[in-house]
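Everything below concerns the one structure shown next.
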Amino acid sequence: MTTPAPAYAPLPDTARGRLDNSRSGKPCFTSDLSVNEFVLVGQAGFEPLGMVMGTSVFHVGIQSAGWKVSQELGYISQAMYSARELAMSRMEAEAAQLGADGVLGVVLRPMDYQFFADVIEFVAVGTAVRSTDGRQYRNSDGKPFTTPLSGQDFWTLWQHGWLPRRLVLGTCVYHVAHQSLRQTLSRIGTNAELPNFTQALYDARELAMSRMQYEGQQVGADGIVGSRVDDHRFWGEHAIEFLATGTAVNRIRPDSTPAQPSMTLPLSG
C-alpha cells in the first residue's frame with residue numbers, strides 16, 4: 001500500500017519560481033541562521049537549503065459578547081488558528097519543494113495593517129535544512145519538522161538524542177466582562193483582587209495551553225519544549241488573545257551520549 005502524499009496549502013507561482021531556481025544550477029542557500037548557528041547545525045549533520053516562508057491574510061469576522069459576560073470568542077479563535085495554520089502549511093510546502101527534512105528558527109508573527117480594517121496577516125519564516133547522513137527525518141505524515149528553536153538549541157537537542165517534530169500552538173480569544181459602576185466605585189482607593197478579571201484571564205490561558213498540549217499529543221510527541229504564552233490585543237480593551245506555542249519533540253536515540261556543558265567566563269564587564 002502506498003502512502004498518500006502530504007497535503008499542503010497552495011503556493012503562488014512566484015514562490016515556486018524562486019524555489020526552483022534555488023535548486024537548479026549551482027545552489028546558493030539563503031538563511032537567517034547566525035554564524036554560530038550555521039556551524040552548529042552543520043556539526044549536527046544538517047545543511048541549510050534556503051529561507052522558506054508562508055503567509056495568510058485573513059479577514060476576521062464580528063462576534064458579539066455580553067457586557068457582563070466573560071467568555072471565549074470561539075468564532076474569532078478559530079479564525080486566528082486557521083490563519084496561522086495556513087501560513088505554516090505554506091512554509092512547510094516551500095520546505096518540501098526544496099527537499100528539506102525540517103525548518104529551524106521559525107518565526108510566526110502577526111501583521112496588522114491600518115489601511116485594512118478587520119484584516120490580519122500572519123507570516124511564518126524559517127530556514128529549511130536537510131540531513132547530510134542520507135537518512136530522512138521528516139514527520140510520520142511526510143512533512144518537514146518545524147521548530148522555533150535556534151541552531152544552538154537544535155544542536156543540544158540532537159546531541160542528546162532528541163528531534164523536533166512540529167511547532168505546536170493553541171489559541172484562545174477571550175472577552176473579559178466589564179465591571180459594573182458599583183463595583184468600580186467600591187474599589188476606588190483600595191488594594192483588592194479583581195476576581196472576575198483573574199478568573200477570566202486564568203481560563204483563557206488554560207484553554208490556550210491545553211490546546212497546545214493536545215496538538216503535541218496528536219503528533220505523538222514525548223514532550224513539548226520551549227513553551228511560551230504570548231498575548232495579542234486586536235479587538236479592543238476587553239478582548240484579548242492568548243497564544244501558546246512550543247516545539248513537540250521525540251527521543252529517537254535513547255543510547256546517545258549527552259554533551260557535557262563547560263563553564264566559560266566572559267572577559268567583558
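Just so you know, all these numbers are worked out from the coordinates, no wet-lab data involved. As the structure is a prediction and not an experimental result, all values here were calculated from the model. We place every Cβ from the backbone using ideal geometry, glycine too, and count neighbours over all the protein chains shown.
A few comments on the model shown:
- Ranking of CYS28, CYS172 by neighbouring Cβ atoms within 10 Å, starting from the fewest: CYS28, CYS172.
- By other beta-carbon atoms within 10 Å, ranking SER82, SER31 with the fewest at the front produces SER82, SER31.
- Gyration tensor verdict on region 15-251 (Cα atoms; rounded if a/c is under 1.5, prolate if a/b is larger than b/c, oblate otherwise): prolate
- Efficiency of FRET between GLN218 and ARG251 - r from beta-carbon atoms, R0 22 angstrom, step 0.05: 0.75
- Kirkwood hydrodynamic radius of region 33-102, from inverse mean 1/r over distinct Cα pairs, in Å: 15.3
- Taking 0.36 nm per residue of separation and subtracting the Cα-Cα distance, full extension of the segment from TYR75 to ASP230 would add 53.8 nm.
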